[in-house]
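Asker: Starting off with a structure, shown below.
The values are calculated or read from the model by the stated rules, or taken from the named source; none is laboratory data. Everything numeric in this text was worked out from a predicted model, so none of it was measured. Cβ placement follows ideal geometry from the backbone for every residue including glycine, while neighbour counts extend to all protein chains displayed. We work out accessible area using only protein heavy atoms, side chains counted, and drop any ligands, DNA or RNA first. Shrake-Rupley method; radii C 1.70, N 1.55, O 1.52, S 1.80 Å.
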Amino acid sequence: MHTSPKLRVNSLKFIKWILKASIILTIVGCVSLVGLYKYLSPDLPDVKSLKQIELQIPLRVFTEDGLLISQYGEKRRIPLTLDQIPQDMLNAFLAIEDSRFYQHPGIDPIGITRAAISLIVTGEKKQGASTITQQVARNYFLTRKKTFTRKIKEVFLAWNIEQELTKDEIFLLYLNKIALGHRSFGVGAAAQVYYGKEVHELTLAQMAVIAGLPKAPSALNPIRSPERSRARRNLVLARMLDLKFISQEQYDEARNAPTTAKRHGAQIDLYAPYLGEMVRSYMVEKYGLEAAYSKGFNVYTTVPSHLQLAAQQAVKKNIVSYDERHGYRGPEAQLWQAEPQKQSEIPVEPPARENVLAHLAGIKTFKGLLPAVVVETEEQQLNAILASGEVITINWNGLKWARPYISDDSQGKAPKIASDIVTPGAVVRVKKIADQWQLSQIPEVSSAFVSLDPNDGAIKSIVGGYDFAKSQFNRVTQAKRQIGSNIKPFIYSHAMERGYTLASIVNDVPITKWDKSQGSAWRPKNSPPVYNGPTRLRLGLAQSKNVMSVKLIQQLGIKQTIDYLTKFGFGRGDLPYGESLALGSASVSPLSAAVGYATFANGGFKITPYFIDRIEDQSDTPVFISNPAVACPSCQSTATANSADLEDSSAIKLAPRVISEHNAFLVSQMMRSVVTGGGSWKNGTGWAGTGWRAGVLKRRDLGGKTGTTNDSKDTWFSGVTPSLVATSWVGFDNPSRALGRVFRNKNLGKKQITGKEAGAKTALPAWVDYMRVALKDYPQRITPVPQGIKTVRIDRATGLLTTKVDHTSRFEYFIAGTEPKKHVKQPEVFVDSPEKKSHFDDDIF
């Protein structure tokens, strides 16, 4: 069969027409494309900026020894280099997102065509039409709004990116930027968020899960939608198998792997939230909120992890001890009761198990105190159910402490059986100690603790409260509470400045002073109300004699004393004008107290506290190094600032001297007597200082001062060594509430005795527990006697010179020229009466 000439001519004409039309359309398309590019190019970002791109990396806070304390920032990101990412992870992303990434020029017509055909044939989108380069363009420069203009810009930007960056550079930008759900951006953060691992620790199945997330991080999330995530993971694995990235055996093993993802927070090594918040606040103030949260700063604090942990454990133990000795306040709620009560809506029948567990699941855990519901009580034990469904048993050793709380000053009788304490249906708190469960409760009392290096002000530990989740108020820096007898070393220091000596005599007798403004007499009292008559200053401070402190301020002058106290950093507005200042009516923060005491420990210098050692950028380059002013008598000052930027950090700075070395030494000697006491118990002349409990540390370089305000509303202990200073405070956040007394069931004749909460009993134990750990780092160091200080033998009763060498005398320190010139003329009555240690548990003011 032959084709007619006419038909062949028509066919050739049609083909020519098609070719012409194609050429014209191609030219028009190219011209239009060029025109469109020219039109849009002024609005296109400069892709060269990708070479200097700074990823948004959260702020991280570390201890001095590099343990992570906190992380702040909206986006979780852990930037990685390409060689830090396993090849299987790279292949998983290439397989599902852009298998021809290393072949195409940023736009992949073949991939687009293949994806379209696959969608038409299978109805399933197995591979994205956008290339990885296009996704980089979108993620860094464009919004996700689906418009024609945005898509055209994305294509042009992808082309430009390919001209400026290598394929590996583009791929790395993608892997570090891509949103992967739960605020994780980049594969490094996703590995940590979903699996608590670094990327090289992930299994193939886990890598496939993460690679499947970019399409829809929320819908395909392995935590929220495990079934959808598993299907997407298997699709990624199938693509990897098709492209021969993995073997059939690897595919089968990964495809059958269970879903193991769960939410992981930042990998915090040491939970120290009060310190973390201090750093966060400082960084926001210094750099602004956006920069602080996104520039990837790494902040290294001055706090060693073991000292911070020791402080937290000491505070927790001390608060719980106080709380339990004041009795059990009862269950938090009662879900059911064994017998019906009049006018009670509490049901008699216990609810279903699942309802009990649901109730427990809605209760927060504080400091390891788990919520539980009592299900059964026996003679001297009970069974309770936890939110996990576990049923635990608490024996009598974990219950017998729970005398009923009546008030801060009163507790009920000791329980005899478990039902004296709680009944089935009670919602309680429990804790586990050495594999034994114990009944507990959330403490109502508050506490604060801070320690620092007295030589440069570096904070070594800081605990702003019992539980940050319960209260974010930092009591170390923000709470100003009456300081009580913690003020006395500063009063005595002023006395030393004005010519008094450790052997100066003040008459320890009651005072009655008429107050015209009040229309009544003011009668400051010692606590306990024991008066020794003429008493040396060393003994007066060691036993915290209130009357002696008042008499000193009367002699020194109130205004002059206030002026003197400001040298130590106390605010003038916090120092009330009145003789009660001698008893600690000033309101200061625990940090201010610690800084003041550091002056005695370092030889007379006013240091400035700081808690940041250095700040590094995301490339680990230091951008700030603290340069604190140091207490150094032999150094020459070259500057006065406390800290400086990196370029100024080489200058040595000297802290200002505020009292003489002699004064600091003499006050430290008095504070040492607070701990060691004096005299000899063997011959009946011994006496105890109010801080005698610190003697268990068996150190000769310790000193300190207890403090308790009126009605025991605030209790303190500030203690010093040449290398470390620490302040402990315990009290209620509500300043009208007192710490109260404890009634002890001890037979003393027919009387029931009480123990008042005071600095020596309530605040000092935390200090001792902390120092028991902290002082292991610091060998005992006795401060050398400064030049210009001499010792002479004095009579204990009069403070005058003596030639006796028996128990009535002792050697005492004096600034040369201030020692007594007269000898005692006749035997004096010895007034250092041997008080029992229990007399000094209670150090009011």
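Asker: Looking at the range 349-361 only, could you name the residues that are over 14 Å from PRO424 (Cα atoms), open to solvent by 60 Å² or more (accessible area, probe 1.4 Å) and not acidic (Asp, Glu)?
Answerer: ASN355, ALA358, HIS359, ALA361
This table checks each residue for (1) at pLDDT below 95; (2) not in a loop (DSSP other than H, G, I, E, B).
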{"residue": "THR690", "(1), (2)": "yes, no"}
{"residue": "ARG700", "(1), (2)": "yes, no"}
{"residue": "ASP711", "(1), (2)": "yes, yes"}
{"residue": "GLY719", "(1), (2)": "no, yes"}
{"residue": "TRP729", "(1), (2)": "no, yes"}
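Asker: Which residues, taken from the range 424-456, are assigned to a loop (DSSP other than H, G, I, E, B) and touching a Phe, Trp or Tyr at 6+ places or on another chain (Cβ under 9 Å)?
Answerer: PRO424, GLY425, GLN441, ILE442, PRO443, GLU444, VAL445, PRO454, ASN455, ASP456
Asker: Regarding ARG228, is this residue modelled with pLDDT of 95 or more, over 15 Å from VAL193 (Cα atoms) and out of contact with any Cys (no Cβ under 7 Å at 6 or more places or on another chain)?
Answerer: Here the answer is no, as ARG228 does not meet what is asked.
Asker: Can I ask one more? Quick check on the range 362-370. Is at least one of its residues open to solvent by less than 80 Å² (accessible area, probe 1.4 Å) and of a type in the set (Ser, Thr, Tyr)?
Answerer: yes
Asker: State all residues of the range 590-606 that are free of Cβ contacts under 8 Å to residues at least 60 places away in the same chain and in contact with a strand residue (DSSP E or B) (Cβ under 7 Å, 6 or more places away or on another chain); if no residue qualifies, say none.
Answerer: PHE605 - this is the single residue of the range 590-606 that is free of Cβ contacts under 8 Å to residues at least 60 places away in the same chain and in contact with a strand residue (DSSP E or B) (Cβ under 7 Å, 6 or more places away or on another chain).
Asker: Do you know which of the residues in the range 226-270 that are out of contact with any helix residue (DSSP H, G or I) (no Cβ under 8 Å at 6 or more places or on another chain) and over 27 Å from SER99 (Cα atoms) is surrounded by the fewest Cβ atoms within 10 Å (Cβ to Cβ)?
Answerer: Checking each candidate, the answer is GLY265.
Asker: Identify, from the list LEU175, LEU202, the residue that is at pLDDT 90 or above and under 28 Å from HIS104 (Cα atoms).
Answerer: Of LEU175, LEU202, the one residue that is at pLDDT 90 or above and under 28 Å from HIS104 (Cα atoms) is LEU175.
Asker: Go through LYS804, LYS790 for me and flag whichever is over 31 Å from the mean Cα position of the chain (by Cα), at pLDDT 95 or above and open to solvent by 60 Å² or more (accessible area, probe 1.4 Å).
Answerer: Exactly one of LYS804, LYS790 is over 31 Å from the mean Cα position of the chain (by Cα), at pLDDT 95 or above and open to solvent by 60 Å² or more (accessible area, probe 1.4 Å), namely LYS790.
Asker: Continuing with the same structure: (1) open to solvent by 20 Å² or more (accessible area, probe 1.4 Å); (2) modelled with pLDDT of 95 or more: which one isn't true of GLN334, the others all being true?
Answerer: For GLN334, the exception is condition (2).
Asker: Please enumerate the residues belonging to the range 527-537 that are open to solvent by less than 10 Å² (accessible area, probe 1.4 Å) and touching a helix residue (DSSP H, G or I) at 6+ places or on another chain (Cβ under 8 Å).
Answerer: Of everything in the range 527-537, those that are open to solvent by less than 10 Å² (accessible area, probe 1.4 Å) and touching a helix residue (DSSP H, G or I) at 6+ places or on another chain (Cβ under 8 Å) turn out to be THR535, LEU537.
Asker: Looking at (1) within 29 Å of GLU54 (Cβ to Cβ); (2) crowded, with 19+ Cβ neighbours inside 10 Å; (3) without any contact (Cβ under 8 Å) to a residue 24 or more places away in the chain; (4) of a type outside the set (A, V, I, L, M, F, W, C), can you tell me which one GLY288 breaks?
Answerer: If we test GLY288 against (1) within 29 Å of GLU54 (Cβ to Cβ); (2) crowded, with 19+ Cβ neighbours inside 10 Å; (3) without any contact (Cβ under 8 Å) to a residue 24 or more places away in the chain; (4) of a type outside the set (A, V, I, L, M, F, W, C), just (2) comes out false.
Asker: A further question follows. Inside the range 426-482, can you point out the residues that are aliphatic (A, V, I, L, M), at pLDDT below 95 and under 22 Å from ALA726 (Cβ atoms)?
Answerer: Hits for the range 426-482 are VAL445, ALA479.
Asker: May I pose another question? Looking at VAL61 and the list (1) part of a helix (DSSP H, G or I); (2) modelled with pLDDT of 90 or more; (3) of a type outside the set (Gly, Ala, Ser), which single condition is not satisfied?
Answerer: It is condition (1) that VAL61 fails.
Asker: Working carefully through the options LEU94, LEU40, LEU90, LEU50, find the one that is of a type in the set (A, V, I, L, M), surrounded by 12 or more Cβ atoms within 10 Å (Cβ to Cβ), over 39 Å from the mean Cα position of the chain (by Cα) and modelled with pLDDT of 70 or more.
Answerer: So the residue among LEU94, LEU40, LEU90, LEU50 that is of a type in the set (A, V, I, L, M), surrounded by 12 or more Cβ atoms within 10 Å (Cβ to Cβ), over 39 Å from the mean Cα position of the chain (by Cα) and modelled with pLDDT of 70 or more is LEU94.
Asker: Let me ask something additional. Quick one: what pairs do we get from the range 248-271, first residue of a type in the set (Ser, Thr, Tyr), second in a helix (DSSP H, G or I), C-beta under 6 Å, 6+ apart or different chains?
Answerer: Hits for this filter: TYR251/LEU237; TYR251/LEU241; THR259/PRO226; THR259/ARG230.
Asker: If you scan the range 150-177, which residues turn out to be closer than 30 Å to LEU59 by Cβ, aliphatic (A, V, I, L, M) and open to solvent by less than 10 Å² (accessible area, probe 1.4 Å)?
Answerer: ILE161, ILE170, LEU175
Asker: Let me ask you something else. Hey, can you tell me all the residues within the range 796-809 that are of a type outside the set (Gly, Ala, Ser) and within 16 Å of GLY540 (Cα to Cα)?
Answerer: Answer for the range 796-809, where residues must be of a type outside the set (Gly, Ala, Ser) and within 16 Å of GLY540 (Cα to Cα): ARG796, THR798.
Asker: Further, regarding this structure: With the range 248-335 as the region, which helices (runs of 4 or more DSSP H) entirely inside it contain at least 3 residues that are of a type in the set (D, E, K, R)?
Answerer: 248-255, 273-287, 305-325
Asker: Please go through the range 72-83 and pick out each residue that is surrounded by fewer than 16 Cβ atoms within 10 Å (Cβ to Cβ) and either touching a residue at least 12 places away in the same chain (Cβ under 8 Å) or β-branched (Val, Ile, Thr) (or both).
Answerer: GLU74, THR81, LEU82, listed by residue number.
Asker: A further question on this structure: Within the range 753-797, can you find the residues that are out of contact with any strand residue (DSSP E or B) (no Cβ under 7 Å at 6 or more places or on another chain), of a type in the set (S, T, N, Q) and in contact (Cβ under 8 Å) with a residue 40 or more places away in the chain?
Answerer: GLN780, THR783, listed by residue number.
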